[in-house]
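Notes for the one structure printed next.
The values are calculated or read from the model by the stated rules, or taken from the named source; none is laboratory data. Please read these numbers as outputs of a predicted model, since none were measured by experiment. Using ideal geometry, Cβ is built from the backbone for each residue, glycine included, and neighbour counts are taken over all protein chains shown. The area values use the complete protein model at the heavy-atom level, side chains included, leaving out ligands, DNA and RNA. Shrake-Rupley method; radii C 1.70, N 1.55, O 1.52, S 1.80 Å.
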Amino acid sequence: QVQVVESGGGLVQPGGSLMLSCSVSGTIFSIHTMGWHRQIPGKQREPVAIFTRDGPSKYADSVKGRFTVSKDNAENLVYLRMRDLKPEDTAVYYCNVRVQETLFSTPLDAWGLGTLVTVSS
């Protein structure tokens, strides 16, 4: 089983910065993707910043130049540094990983419970 836990959300003023952290633990043979999604109230969950195993990180157009995703492979940690935050960034941010638990298992998606980021003055 794979556990995903986010931390670092909170209230921040417009123009401010915040960093989210995500730890991944459990039975992991291989990680295919790691990254962040968000769900804005009243809208569907959307990808924000994703690491893929074989390519460069990908960002939603709305956060390019403001958000940076990074990871610590040795510790199975992934971070999201957010700057110049806007009220429209207010959302629950979810960490997602696609992992193989064993060499022969099908990759599966694991999600954290989410952390709330509120951008407001």
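Partner lysines whose Cα lies under 16 Å from the Cα of Lys58, excluding those fewer than 8 positions away in the same chain, are identified as Lys71.
Taking every alpha-carbon pair under 8 Å whose residues sit at least 6 apart, the chain reaches a relative contact order of 37 percent. Charged side chains reduced to their Cβ positions (Lys and Arg at +1, Asp and Glu at -1) give the range 15-100 a dipole of some 120 debye around its Cα centre.
The fraction of accessible area contributed by carbon and sulfur in the chain is 51 percent, rounded to a whole number (1.4 Å probe; ligands and nucleic acids excluded). As an equivalent ellipsoid, the chain spans semi-axes of 26, 14, 12 angstrom, where each value is the square root of five times an eigenvalue of the C-alpha gyration tensor, largest first.
Averaged per residue, what accessible area in Å² does the range 1-59 show with a 1.4 Å probe, protein chains only?
So the range 1-59 comes to 56 Å² accessible per residue, rounded to a whole number.
3J(HN,Hα) along the range 32-41: 8, 9, 9, x, 10, 10, 9, 10, 7, x Hz, from the Karplus curve 6.51 cos²θ - 1.76 cosθ + 1.60 with θ = phi - 60°, whole Hz, x for Gly and Pro.
Protection proxy ranking for 93-99, 48-54, 18-24, using the average of other Cβ atoms within 10 Å per residue and placing the highest first: 93-99, 18-24, 48-54.
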